[in-house]
Amino acid sequence: MELRTLRYFLALAQEGTISNAAKALHVTQPTLSRQLADLERGFGKRLFERGAKRVVLTEDGQRLREYAESIVELADKAEAELSQPERAVAGDVYIGCGESDVMRLVLRAMKRVRERWPGIKFHLFSGTSADLEDRFAGGLFDFMVEFELTGRPDCNALALPTQDTWGVLMRADSPLARLDAVTVEDLAGQPIIGPRQGLKSGKMREWAGEALDRWDVAATYNLVLNGALMVEEGLGAAICYDRLVRLPADGSLVFRPLDPPLASDVGVVWKKHRRLSRAAEAFLECLRDECAEARG
């Protein structure tokens, strides 16, 4: 199984037809068809079926696509890093992260890096920790911003000098909007929109206790923009971090903290056994400087 063949397979999966994939790869259709046939013979499985208009991946083909994307991306990452001139501080830094106002500190560190080393480029991938974990474990991220920071025996960690505060985002005409803060009892009987992972986390269980099992969860969200839109449309009130949604100027949405208060520690983690590139080391240096300044 060659890297080039995997690139051919991924091009077919993306383009949907042999002819379009061949054009994208700048190869002839017979060459592409032969390479893909060899790939199927090598695995002894059918990887795709020709439909009326498009090629459709089989279940085995979909599984291979997941592996192939990671393999090709990791190969490209290694090639880009190793092609940097000796002692040059340049290249790409890959960061997995969630949505949080705490990211401002990370972004300021990135800006500091770019001012000193303009040859460094950053690539952010947003999602929940569960969404990002496989890519981080597979070496596709240099760093991951972890919310609900916990000790990882295989990782180094830099705790950020700030926390995320939990609360409820609601319409201004909601009865909850008259409160200064929202208790567990206040949420009883209210339709709740929650973060997909956050509702299952120990942090929310710690705050709500057994009442969590009785919540009327109308919907869950992955990233908060759609959660805010659901609130605007009257689907319910959203559990989320403070300062994550820009409240509209017309005052149609409001945020109230939880009572008792609930906050999450945030940090940046990186693998102990994986050597950081010069670009990644430069980012870590600037992030430490930003943290030191924030602590005063």
For the stretch 231-296, list the strands (runs of 3 or more DSSP E) that sit wholly inside it and hold at least 2 residues that are out of contact with any helix residue (DSSP H, G or I) (no Cβ under 8 Å at 6 or more places or on another chain); which are they?
253-257, 263-271
Within the stretch 172-197, the residues that are among the small types (Gly, Ala, Ser) and touching a residue at least 60 places away in the same chain (Cβ under 8 Å) are ALA172, SER174, ALA177, ALA181
Among the residues of the stretch 160-178, is there at least one that is touching a Gly at 6+ places or on another chain (Cβ under 6 Å) and crowded, with 17+ Cβ neighbours inside 10 Å?
yes
Check GLY96 against each of (1) under 18 Å from LEU223 (Cα atoms); (2) of a type outside the set (Asp, Glu); (3) open to solvent by 40 Å² or more (accessible area, probe 1.4 Å) and name the one condition it does not meet.
(3)
Provide a single number: the residues in the stretch 224-246 that are under 25 Å from PRO161 (Cβ atoms) and open to solvent by 60 Å² or more (accessible area, probe 1.4 Å).
2
For the stretch 267-276, state whether one or more residues are buried (at least 18 other Cβ atoms within 10 Å of the Cβ), of a type in the set (Val, Ile, Thr) and closer than 23 Å to GLY127 by Cβ.
yes
Of all residues in the stretch 179-199 being in a helix (DSSP H, G or I) and touching a Leu at 6+ places or on another chain (Cβ under 9 Å), which is modelled with the lowest pLDDT?
LEU199
Qualifying positions in the stretch 187-233 - acidic (Asp, Glu) and over 25 Å from ASP265 (Cα atoms):
ASP216, GLU232, GLU233
Note: among SER126, SER100, SER33, just one is among the polar types (S, T, N, Q) and touching a Cys at 6+ places or on another chain (Cβ under 8 Å), namely SER126
Determine the pairs where a residue that is open to solvent by 90 Å² or more (accessible area, probe 1.4 Å), located within the stretch 49-61, has a partner that is part of a strand (DSSP E or B) and not polar (S, T, N, Q) with Cβ atoms under 9 Å apart, the partner being 6 or more residues away or on another chain.
ARG50/VAL56
Within the bounds of the stretch 36-56, is there any residue that is touching a Lys or Arg at 6+ places or on another chain (Cβ under 9 Å) and either closer than 20 Å to MET144 by Cβ or among the polar types (S, T, N, Q) (or both)?
no
LEU169 in contact (Cβ under 8 Å) with a residue 40 or more places away in the chain, assigned to a loop (DSSP other than H, G, I, E, B) and under 25 Å from the mean Cα position of the chain (by Cα):
no
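The values are calculated or read from the model by the stated rules, or taken from the named source; none is laboratory data. This one's a predicted model, so the numbers in the text were calculated from it and none came from an experiment. Glycine gets a Cβ as well: all are built from the backbone with ideal geometry, and neighbour counts include every protein chain shown. These area figures cover heavy atoms from the full protein model, side chains too; ligands, DNA and RNA do not enter into them. Shrake-Rupley method; radii C 1.70, N 1.55, O 1.52, S 1.80 Å.
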